[in-house]
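Written below as structure tokens is the structure these notes are about.
Taken together, the values in this text are just the output of simple stated rules run on the coordinates, not laboratory data. In this text, all values refer to a predicted model and were calculated from it rather than measured experimentally. Neighbour counts run over all protein chains shown; Cβ positions are idealised from the backbone, glycine included.
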Amino acid sequence: MKIKVLILSAVSSIALAASAAADSITVVSWGGAYTKSQVEAYHKPWASSTGNAVVSEDYSGGLAEVRAQVEAGSVTWDVVDVELSDAIVGCDEGLLEEIDSSMLPAAPDGTPATEDFMDGALNECAVGNIVWSTLYAYDKTKFDTAPTTMADFFDLEKFPGKRGMRKVAKNMLEMALMGDGVPSSEVYDVMNTPEGIDRAFAKLDTIKDSVVWWEAGAQPPQLLADGEVSMTITWNGRIFNAIASEGQPFGLVWDGQIYDLDLFVIPKGSPNKDAAMDFVKFATATKPLADQASWIPYGPVRASSIPLIGTFHSDASLQMIDHMPTTAEALKNGVQNDYMFWADNGEELNERFNAWLAK
Amino acid sequence: MGLASGMESTKDNHNNVVITSDGIPLKKKLAKSLFQSRLRAFGLVAPLLLLILFAFVIPILIFLSRGVYNNTFERHMINLTPLISSWDSNSEPTEAMFEALVLDLKAGKKSKKIGKVATRVNRELSGTRSLFTSSARKAKKLKAPFKDSLIKANKKWDNLEVWRAMKLTSISVTPAFLASALDMKYNADGTFERKPEERRIHLQLFLRTLEISLIVVLAGLFLGYPIAYLLASLPVRTSNLLLILVLLPFWTSLLVRTTAWIAMLQGQGVLNDLSVVFGLATDEDRFSLIYNKTGTLISMTHILLPFMILPLYSVMKTIPPSYVRAAKSMGATNWTAFWRIYFPQTIPGIGAGGILVFILAISFYITPALIGGQDGTMISNFIDFHMRKTLNWSLAAAMGGVLLVLVLFLYWIYDRVVGIDNMKLG
């Protein structure tokens, strides 16, 4: 057992990386504009109120690093921002500390936390912070008439140019089906049949030669700005920030959007567990969640945070509430990511997706 | 040397034993001092040996063993494992098996290991992950008869396929991952079959990896041979200066050189801009030189070129120019002198450079990951994918094992055809 531990720690170079000092915690998130919003709204206020330091690290999602650290018994990450499906899988596999949601602070009007958070945002091991969306954005300078539907993304004749897509099966298959005319409410019913999956891959086939695949969230705005693609699947916050702070001529299309939750988890065996717990408690209180939304349009998961959402931090004329994935317009033909479907079928579909990519 | 001849002299006179001044037979004394010097030599290399053993050989062996050994199910489903291993795969599962399953689900829920079991079984039979996790959540409330109550909780438990998948995963030493690394499926009845067409990927990747490595070796030879010849035949002062030009990129970080190639090859990059300026391409229709096989080949050839040039150069340096002159003086044409006299003497360098580049290329990883796109990725990128993304370490280990065997096999062929002794690094 000891040898195994030794070896695992050798295998994961991350685990060997310098561990943070005792009075600081390492918070890991997705980088770019999103991490910036968290640093401004959570890290800085928490650090100044407790005197502890926060080290911010970036990753590109998934449980692999957490798993390597926990199995090697050398945990250096204290708080990680993960997708809902990863929070559930990680909890089932015993990789995460349990978080008692009754200790979370109540809303200002006294509503207990367990009723204030939206469905799915609280579970045994995780506390939600935002609702974010996967959707597509386009370069306004490339088209005379703006695209409006998911079908337009797959229409290379009407809207010529390269497409950016994320190099995973998740959400790309749903979008292919919606682009093929499946209403958002029926997407997962269709995906649960073998014919539905074939149909999604057949639709992806029609644009395969024009796709540039991206992996990190910071890439799609860059691909658009460089003119490498004319449209790209992206996360709504990143594109909004490229438009609002850099003045890029990009447009967003909410039709066919897929929204999902991000949650904070604490890897099992974190050496700063108490401080990490305190950080999660602090960050997911009503006000910090609302503050974060003024840096990037990801919706807070607490009902009590919604009325407190203000304007964009550098432009008071931009009401952030209008750019959230949860507005009525955005939800008209949108769907919540089905984490159960992906927990069950993700591996098989990714295998097929990779085989399809390599052909 | 002196000691060895001394030993022989004792052999010759074995009838009257030679005694040293302190009364010990010379032979014994000699053996002792030899042993001590060996011990000292061993002591000097021991730190390196231990480092290699513990940081390299043992971890690799342990990791490779994951490719044929995975005891997730056996370790966490202690009640069910003995029952299911004696089950015949076709009859209805018994009430005892259901009871054991419920017991294990309960324990798994408590220890939080059920997710691991679920992931493991889900890899055999997709769509079963939530069956385990949701049933584990309900397991506490289930009552006897367990068969009925479990099937009532989720009717998938009535499906024999689920039980066959559990039986397969309950066997810890399994060829299933190796089979999967070769696009095969290992069935519950012990047979193998090929995976359905749309899920075959690994064989194709192994072939592509071999193909790319081979092309890189040939391209490196084609480009490197003249350079090495030039370096070897120029006066030392000039050739040392030129050698710096070969060594400079060799000393530059791999990552820096790869990113430099991105700047060179991309759609809006230097090469494409030049092509547009010179009218080779139009602004709308630029060459796709990156994020595909072309990009991988160009940059890998460049990155590995020094590994071809340096062995060639050091071998060519030792070939006396007088041989070729002699051949010519006896009437050989330039080509004959080169092909019959010079070239055969450079073969050890070609062998060394070729095998060095090939073995480095076959495991290349960062460059194809950054600029390989879809059709320029190699097998190592998929090993990485299973290590870091799907967390299927057993499959990654199996694929790594196959790659290792492949390299050893090619090395063996090389030894048979060219002869490994016939290789010179200088």
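Data for the structure
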| item | result |
| --- | --- |
| The range A:194-212 versus the range B:19-91: alpha-carbon centroid distance in Å | 51 Å |
| Nearest-0.05 FRET efficiency for residue B:409 and residue B:27, computed from C-beta distance (R0 45 Å) | 0.45 |
| Computed helical MRE - 222 nm, chain B, DSSP H runs ≥ 4 contributing -39500 (n - 2.57), nearest 500 | -21000 deg cm²/dmol |
| Whole-Å distance, taken between Cα centres, linking the range B:236-262 and the range B:125-178 | 58 Å |
| Selection from B:381, B:102, B:318, by position along the positive dipole direction of chain B (Cβ) | B:102 |
| For chain B, Kirkwood radius (reciprocal of mean inverse C-alpha pair distance, Å) | 27.7 Å |
| Average beta-carbon neighbours from other chains, 10 Å sphere, peptide B:110-120 | 4 |
| Net charge, residue A:255 excluded, C-beta distance under 12 Å - Lys, Arg +1, Asp, Glu -1 | -1 |
| Coil-residue chymotrypsin sites (Phe, Trp or Tyr not before Pro) of the range B:255-332, DSSP, other Cβ within 10 Å capped at 10 | B:278 |
| Within straight-line cross-link reach of residue B:28, aspartates and glutamates at Cα separation under 16 Å, skipping those fewer than 8 residues along the same chain | B:8, B:12 |
| Per-pair calculated FRET efficiency, R0 = 22 Å: residue B:254 and residue A:60 via Cβ, rounded to 0.05 | 0.60 |
| Net charge dipole size for the range A:38-80 [Lys, Arg +1 and Asp, Glu -1 on Cβ; Debye, nearest 20] | 120 debye |
| Label-point gap, in nm, between residue B:239 and residue B:204 - each point 7 angstrom along Cα→Cβ | 4.8 nm |
| Local electrostatic count at residue A:324 - Lys and Arg +1, Asp and Glu -1, tallied over other residues with Cβ under 15 Å | -2 |
| Length-normalised contact order for chain B - Cα pairs under 8 Å, 6+ apart - percent | 16 percent |
| Full-stretch length increase - residue A:124, residue A:340 - with 0.36 nm per residue and alpha-carbon distance subtracted | 76.1 nm |
| Hits among lysines - C-alpha to C-alpha of residue B:317 under 21 Å, sequence gap 8 or more where chains match | B:328, B:424 |
| Cα lying deepest toward the dipole's positive end in the protein assembly as shown, options B:308, A:256, A:270, charges on Cβ | B:308 |
| Residue (of B:220, B:176, B:186) at the positive-pole extreme of the range B:159-241, dipole from beta-carbon charges | B:220 |
| Nitroxide proxy distance, nm - points 7 Å out along Cα→Cβ at residue B:40 and residue A:145 | 9.1 nm |
| Angle between chain B longest axis and helix B:114-124 axis [Cα atoms, degrees, rounded to 10] | 70 degrees |
| Entries of B:293/B:389; B:116/B:389; A:170/A:208; A:162/A:203 with Cα pairs more than 18 Å apart | B:293/B:389 |
